[in-house]
Amino acid sequence: MVKDFGVAESPKDIAFYAGLLFTSFSICQTIMVMHWGRLSDRIGRKPVIMIGLVGNLISSVLLGTSKTFKAAIIARSFNGLMAGTISVVKSVVSEISDSLTVPA
């Protein structure tokens, strides 16, 4: 994908730009985790999870249809912003688990 964007001049550069794509996701996810948690406390867990899923759908389509590296970075960053809901999902799982469903 990065090779097709034409931003890399050598195989070493391809790895660098692919790393930028993956890093943009992680940074945005880290930034948004606490905000999604606070929002879920205000409006509920299910709406936040649904917003995250719809955002994940949109960002995946945007990434798949990206024609430039800049568009791919934006789509991947948006995916990270929406993926911050993972903490909300983990809290839902812990809330619905009991001693019978948790391995010893």
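For the range 50-69, does any single residue satisfy the condition of being within 30 Å of LYS3 (Cβ to Cβ), over 17 Å from the mean Cα position of the chain (by Cα) and assigned to a helix (DSSP H, G or I)?
yes
Counting only residues that are closer than 16 Å to CYS28 by Cα and surrounded by fewer than 20 Cβ atoms within 10 Å (Cβ to Cβ), how many does the range 84-104 have?
Matching residues across the range 84-104 total 2.
Search the range 3-47 for residues being among the small types (Gly, Ala, Ser) and open to solvent by 50 Å² or more (accessible area, probe 1.4 Å), and hand back the single one that is nearest to VAL89 (Cα to Cα). Step through it out loud before you land on a result.
Initially, the range 3-47 is screened for residues among the small types (Gly, Ala, Ser), giving 6, 8, 10, 15, 18-19, 24, 26, 37, 40, 44.
Subset that is open to solvent by 50 Å² or more (accessible area, probe 1.4 Å): 6, 15, 26.
Values: GLY6: 38, ALA15: 32, SER26: 17 Å.
Among those that are among the small types (Gly, Ala, Ser) and open to solvent by 50 Å² or more (accessible area, probe 1.4 Å), it is SER26.
Any chance you could count how many residues in the range 58-83 are closer than 14 Å to ILE31 by Cβ and among the small types (Gly, Ala, Ser)?
Taking the range 58-83 as the starting set, the residues that turn out to be closer than 14 Å to ILE31 by Cβ are 76-83.
In the following step, the residues that additionally are among the small types (Gly, Ala, Ser) were identified as 77, 80, 83.
Selection size over the range 58-83: 3.
The values are calculated or read from the model by the stated rules, or taken from the named source; none is laboratory data. Keep in mind that this is a model prediction, so the values were computed, not measured. Don't worry about glycine lacking a Cβ; one is built from the backbone with ideal geometry, like all the others, and counts go over all protein chains shown. Just the protein is used for accessible areas: all its heavy atoms, side chains included, with ligands, DNA and RNA removed. Shrake-Rupley method; radii C 1.70, N 1.55, O 1.52, S 1.80 Å.
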